[in-house]
């Protein structure tokens, strides 16, 4: 049987190596290598999806001895939690490579970094060895640092440094927690499957490890919008659509599954932080005049709902409610990647045409760029939770589980109301009203941009009207979780 997980994982890295070998390759050829490598990676991810997952177990597991003296090995595999995120990663990276085909500034380094980042991202989601997870996690942070610093906007150096320092400092407690669980396991191992089946830490040690993991994984970082704003459009898409999921994925995989008792004890506190994150993100977005910053803060808002779902899963005593909350949280991660990715792409397209992101600088653009305008309207409506679009089935499950477990936390729904208002206001100011003559020559979507946006629009609608395509896979794992 082919090692499909490893093939999918290392295809982007193979493309990066090929570019480094062909140092004198033309710009066009370099971008073609990036697109082709990413397309093959998506094909591999789809193949993994077709093969499916086993209920309550990791599937398509591959293992090779790495450092046997300390119990570390190359272990990769998938389940219903990681597979949807691998699919999301492969889709967004392919579209990002298509969008980035216009990049002429140091294209070799740009494509190599993006391919390295894709391998690191897929490795983070498929690792079943904690030490291997940490290696891929750190590689992704370094890659994104260089992406922001090298191809970002005006204040990119400061934003990149802030991103790297915060994430590096945030990842050190995770390393300590991993070492603690390694020392607590008997025999010593970094096998995440063993830690899930037999939690290595209990009592005070487990609570300290949980605090360390929350410091790393909880997606409550208020500094993150600065990185979004200064990153290039492609970097913002990957940062929000993929890398922001590392925290939520780690919250489920490490904190919830490996430290269930400690997580349940701290569940109410985590739930409060999720509610505060959802409300803070919405209120902060309401005050923004920069469109990209507005979308960045709504990203914080939507990830707050993911935290709420995970906390409810820990607090719920009924297994069906627990599975419902986790189903919603994982689906929300996927829908957030699709919707926010589409919005960040369109902000980049607007900025390329106008050299500004200020909302009040626009007006009446629907007359000049109807394809871009209606695509933005659909993605914005998806972001505010309109039924039939991607966010609705995810958020509905989270709120239903919340209603049946901790109804007071439903105050977070106010975030949806605020988000609806701010997006309607943004649509009105940017695309509706009297057309401004200064934008009369603005071009609508070109072929490359259509190739980027159409798949996202289609997926946003498909996930909205047929969420079972993903939920059937997700539920194979969530229904069997015991903690």
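The values are calculated or read from the model by the stated rules, or taken from the named source; none is laboratory data. Nothing here was measured: the structure is a model prediction, and the numbers come from that model. When we count neighbours, we look across all protein chains shown, and the Cβ atoms used for this are built from the backbone with ideal geometry, even at glycine.
Every test in (1) under 23 Å from residue 340 (Cβ atoms); (2) in a helix (DSSP H, G or I); (3) in contact (Cβ under 8 Å) with a residue 24 or more places away in the chain is passed by residue 177 save one, and that test is (1). Could you tell me whether any residue of the stretch 288-298 is assigned to a helix (DSSP H, G or I) and farther than 15 Å from residue 240 by Cβ? Checking the stretch 288-298: not a single residue is assigned to a helix (DSSP H, G or I) and farther than 15 Å from residue 240 by Cβ. When the criteria are applied in full, residue 426 fails the requirement of being within 15 Å of residue 306 (Cβ to Cβ) and either out of contact with any helix residue (DSSP H, G or I) (no Cβ under 9 Å at 6 or more places or on another chain) or touching a residue at least 60 places away in the same chain (Cβ under 8 Å) (or both). Residues in the stretch 145-171 that are in contact (Cβ under 8 Å) with a residue 60 or more places away in the chain, over 17 Å from residue 238 (Cβ atoms) and touching a helix residue (DSSP H, G or I) at 6+ places or on another chain (Cβ under 7 Å): 155, 162. Restricting attention to the stretch 378-388, the residues that are touching a helix residue (DSSP H, G or I) at 6+ places or on another chain (Cβ under 6 Å) and surrounded by fewer than 18 Cβ atoms within 10 Å (Cβ to Cβ) add up to 1.
For beta carbons closer than 6 Å, sequence separation of 6+ or different chains, a first residue in the stretch 454-470 that is not assigned by TED's automatic domain parsing to the domain that holds residue 80 and a second that is surrounded by fewer than 17 Cβ atoms within 10 Å (Cβ to Cβ), the qualifying pairs are 464/388; 465/388. Give the residue that is surrounded by the fewest Cβ atoms within 10 Å (Cβ to Cβ), with candidates limited to residues of the stretch 354-374 that are within 23 Å of residue 286 (Cβ to Cβ), within 27 Å of the chain's Cα centre (by Cα) and in contact (Cβ under 8 Å) with a residue 60 or more places away in the chain. Ranking the qualifying residues of the stretch 354-374, first place goes to 358. Among (1) surrounded by fewer than 20 Cβ atoms within 10 Å (Cβ to Cβ); (2) more than 28 Å from residue 96 (Cα to Cα); (3) touching a residue at least 12 places away in the same chain (Cβ under 8 Å), which single condition is residue 269 missing? With (1) surrounded by fewer than 20 Cβ atoms within 10 Å (Cβ to Cβ); (2) more than 28 Å from residue 96 (Cα to Cα); (3) touching a residue at least 12 places away in the same chain (Cβ under 8 Å) applied to residue 269, the lone miss is (3). Residues in the stretch 187-211 that are free of Cβ contacts under 8 Å to residues at least 24 places away in the same chain and surrounded by 17 or more Cβ atoms within 10 Å (Cβ to Cβ): 194 alone. Every listed requirement among (1) crowded, with 19+ Cβ neighbours inside 10 Å; (2) at pLDDT 90 or above; (3) more than 30 Å from residue 267 (Cβ to Cβ); (4) under 20 Å from the mean Cα position of the chain (by Cα) is met by residue 110 save one, (4). Apart from one condition, residue 413 fits all of (1) in contact with a helix residue (DSSP H, G or I) (Cβ under 7 Å, 6 or more places away or on another chain); (2) surrounded by 14 or more Cβ atoms within 10 Å (Cβ to Cβ); (3) in contact (Cβ under 8 Å) with a residue 40 or more places away in the chain; the exception is (3).
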